[in-house]
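I have placed the structure first, in the form of structure tokens, so that the comments after it can refer back to it.
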Amino acid sequence: MPFANSRRFPADGIPTTAASGGRPAGVRTRLRLRGRLRPGMTVLVVLGVLSVSLAIAFTMLHSQMASEQLTSNYSRLESSRQAALTGAAAALRRLASSDWGGVDEVLVRVVERNVWFEVRYAPGDDLLTSSDEDYAELPFRLTITSTGTAADPGNTTLVSQYVVTAVVELERKKLSSAPSTWAKAQNYTVYQSSNNDAFVQFPVQIKGPAMIQGPLKLLTEYPTDSTIRQGYLKGLNDLYVTGQGDMRPFTQSVKLGTGRTGATTKSLLSSTLQLSVSEVSLDAVPPATPANSVTSYQLYPGGPVYEIPNLTSLYGSSLANLSLGPDPVDNPLGVFRTNGGVTLWDNVSLQGVLMTQGYQADVTIAGDNVLLQGADLPALANSSTKRQLPAAIIADDLLLSGGSENGQLQGLCLCGDDFTFLSGTQNTSFRLQGRLIASELKLYGRTEWIMSPSTWSSLWSLYNFFGSDGDLFPLWVYVWKRLSPVSTLTLEPPLETVSYHWHDWSQPLYQADPSDGALRWKLIRWQENE
């Protein structure tokens with residue numbers, strides 16, 4: 001008996017109910033579930049749109065923040081640049097002022113809140129190398145480094161820096177002042193500065209004007225006979241007059257201290273050698289005096305201080321096979337000093353200034369091929385005059401040993417005491433080209449010439465008996481005794497015009513021109529952020 005609402009099982013096995021109109025059971029349920037999912041999809045869509053909007057907003061915010069940061073960075077960089085430029089300008093103004101603090105000065109200034117500069121001076125020029133033609137200008141160049149800094153007001157650890165570099169070069173307009181008596185001594189090849197005896201014996205020759213303030217002892221070693229002495233000097237003058245060479249012991253004017261040199265000697269100079277001779281009052285003050293305890297020097301006010309190398313500390317009191325000269329970095333003037341005396345043996349060459357100090361501060365030239373040479377000073381602005389410091393500033397004596405050959409002193413030599421050619425053979429050779437200022441002059445003769453009075457008398461007698469009209473006594477002596485009248489020991493003026501400068505080592509060498517009031521500089525190079 002069939003039941004109401006009973007399930008029917010069709011042939012395909014899927015249960016149905018009457019209420020469902022014969023549809024499969026569960027279909028309505030699934031349709032209802034699908035209808036409930038539609039609001040969730042809307043939420044997802046909304047959430048997606050929100051995500052995209054937030055991403056876009058974040059990107060725009062990030063972009064805006066980056067833009068603001070870039071603007072802030074650029075603003076700091078520009079502030080630091082302006083600070084660096086301000087610092088460089090301030091540094092250049094300081095250089096042009098009389099109270100500039102020198103290369104050790106550091107300028108630090110606050111330009112505005114969180115913005116400041118720092119300026120430092122450094123001697124030299126990093127881009128100037130030894131291969132550059134202007135390398136000698138290195139000691140006169142300054143590198144100015146101005147660093148501008150700007151900090152973020154909100155975070156002072158965030159800073160921007162900008163660097164301006166300026167290279168300037170000193171315009172040299174004036175040297176340090178020399179003593180008033182210095183210029184007078186420059187008119188003479190030899191200037192004896194005291195009332196001590198001056199010994200001059202041939203074959204030694206002084207070329208150019210001479211100032212002999214003390215008693216002149218001319219040819220006192222040989223020949224001792226006054227007639228023979230006059231005959232030899234007359235023969236030298238005749239050789240000069242006839243164009244056979246000037247071998248006279250003096251070749252130009254001679255000034256003597258009033259009343260100090262005997263009449264016979266003055267007659268030999270004026271009558272026999274036909275030189276201009278005059279007498280002058282003794283100068284009470286010497287042209288210059290060697291300084292003691294000089295250990296350093298400075299080229300310009302505020303510039304770096306250069307230590308003077310001590311040769312006796314570095315090499316001892318005997319030098320040989322050594323070449324020294326200026327160094328633009330450490331010793332631009334080429335100044336060298338000694339503590340006491342020093343002996344120069346073979347192949348010593350020194351360009352610059354040799355300065356002796358201390359006890360028995362002699363310079364003895366004992367070897368061959370010794371050269372003391374002054375160095376040219378960097379020129380003054382708008383001047384073509386060649387200037388040098390003395391090649392030798394000797395507290396005591398300069399001594400030339402009797403066997404030394406091929407010695408040269410090119411420049412001015414100042415001796416606090418003696419300038420001496422020690423007795424030696426006629427192979428001894430030395431040439432001073434420049435100026436000599438010395439308290440005493442001792443130019444002794446050659447050993448081959450020291451003959452007995454009887455030997456000189458025999459030569460003179462034979463010359464007067466056998467000599468022809470064309471013969472001259474100096475040539476006769478050369479033929480018979482091989483004693484050449486040609487001097488190998490000479491003191492002569494420089495080959496070219498040179499102005500020798502005396503420097504007070506307690507002062508900088510180059511000074512501000514009084515018309516300027518301060519040092520003047522020219523700009524060589526300007527660089528930014530390099």
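The values are calculated or read from the model by the stated rules, or taken from the named source; none is laboratory data. Fair warning: this is a prediction, and the values are worked out from it, not measured in the lab. So basically every Cβ, Gly included, is an ideal-geometry build from the backbone, and we count neighbours across all protein chains shown. The protein model used for the area step is the full one, side chains on, heavy atoms only, and it has no ligands, DNA or RNA in it. Shrake-Rupley method; radii C 1.70, N 1.55, O 1.52, S 1.80 Å.
Some notes on this structure:
- So Val280, is it more than 27 Å from Leu372 (Cβ to Cβ) and in contact with a strand residue (DSSP E or B) (Cβ under 8 Å, 6 or more places away or on another chain): yes
- Once the range 456-483 is narrowed to residues that are hydroxyl-bearing (Ser, Thr, Tyr) and touching a Pro at 6+ places or on another chain (Cβ under 9 Å), the residue that is most open to solvent (accessible area, probe 1.4 Å) is Tyr478.
- Taking each residue of the range 161-189 that is over 17 Å from Trp505 (Cα atoms) and looking for partners that are among the polar types (S, T, N, Q) and part of a helix (DSSP H, G or I) with beta-carbon atoms closer than 7 Å, six or more apart or interchain, yields Gln161/Ser80; Tyr162/Ser80.
- Listing of strands (runs of 3 or more DSSP E) fully contained in the range 304-403 that carry 1 or more residues being over 27 Å from Ala178 (Cβ atoms): 322-324, 342-344, 348-351, 363-365, 398-400
- Criterion: over 21 Å from the mean Cα position of the chain (by Cα), assigned to a loop (DSSP other than H, G, I, E, B) and surrounded by 15 or more Cβ atoms within 10 Å (Cβ to Cβ) - qualifying residue of Pro301, Pro287: Pro287
- Flag if Gly101 is exposed (fewer than 13 other Cβ atoms within 10 Å of the Cβ) and either at pLDDT 95 or above or not in a helix (DSSP H, G or I) (or both): yes
- Being in a loop (DSSP other than H, G, I, E, B) and surrounded by 16 or more Cβ atoms within 10 Å (Cβ to Cβ) holds for only one residue in Leu275, Leu256, Leu233, Leu239, and it is Leu275.
Each row is one residue, and each column tells you yes or no for (1) within 22 Å of the chain's Cα centre (by Cα); (2) farther than 30 Å from Pro508 by Cα.
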position: Leu85; (1), (2): no, yes
position: Leu95; (1), (2): yes, no
position: Val103; (1), (2): yes, no
position: Val108; (1), (2): no, no
position: Phe117; (1), (2): no, yes
position: Pro123; (1), (2): yes, no
position: Leu138; (1), (2): yes, no
position: Leu142; (1), (2): yes, no
position: Asn155; (1), (2): no, yes
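- The number of residues in the range 316-336 being surrounded by 17 or more Cβ atoms within 10 Å (Cβ to Cβ) and out of contact with any Pro (no Cβ under 7 Å at 6 or more places or on another chain) comes to 3.
- Only residues that are at negative phi, open to solvent by less than 40 Å² (accessible area, probe 1.4 Å) and of a type outside the set (Val, Ile, Thr) were counted across the range 350-361, and they come to 5.
- Yes/no for Val486 being among the β-branched types (Val, Ile, Thr), touching a Pro at 6+ places or on another chain (Cβ under 9 Å), surrounded by 13 or more Cβ atoms within 10 Å (Cβ to Cβ) and assigned by the TED database to the domain that holds Pro390: no
- Restricting attention to the range 362-375, the residues being open to solvent by less than 10 Å² (accessible area, probe 1.4 Å), touching a residue at least 40 places away in the same chain (Cβ under 8 Å) and closer than 30 Å to Pro304 by Cβ number 2.
- Contact map, the range 324-344: residues that are touching a residue at least 12 places away in the same chain (Cβ under 8 Å) paired with residues that are of a type in the set (D, E, K, R) and open to solvent by less than 30 Å² (accessible area, probe 1.4 Å), Cβ distance under 9 Å, separation 6+ or inter-chain. Pairs shown: Gly341/Asp397.
- Condition met for Asn427 (touching a Ser or Thr at 6+ places or on another chain (Cβ under 8 Å), in the same structural domain as Leu299 (by the TED database), loosely packed, with under 14 Cβ neighbours inside 10 Å and not in a strand (DSSP E or B)): yes
- The strands (runs of 3 or more DSSP E) found entirely in the range 109-222 that carry 1 or more residues being in the same structural domain as Leu380 (by the TED database) and surrounded by 21 or more Cβ atoms within 10 Å (Cβ to Cβ) are 190-192, 198-200, 204-206, 210-212, 216-218.
- Residue satisfying condition, being under 30 Å from Phe202 (Cβ atoms) and of a type outside the set (A, V, I, L, M, F, W, C), within set Gly341, Gly302: Gly341
- Condition met for Thr261 (open to solvent by less than 40 Å² (accessible area, probe 1.4 Å), in the same structural domain as Ala210 (by the TED database) and part of a loop (DSSP other than H, G, I, E, B)): yes
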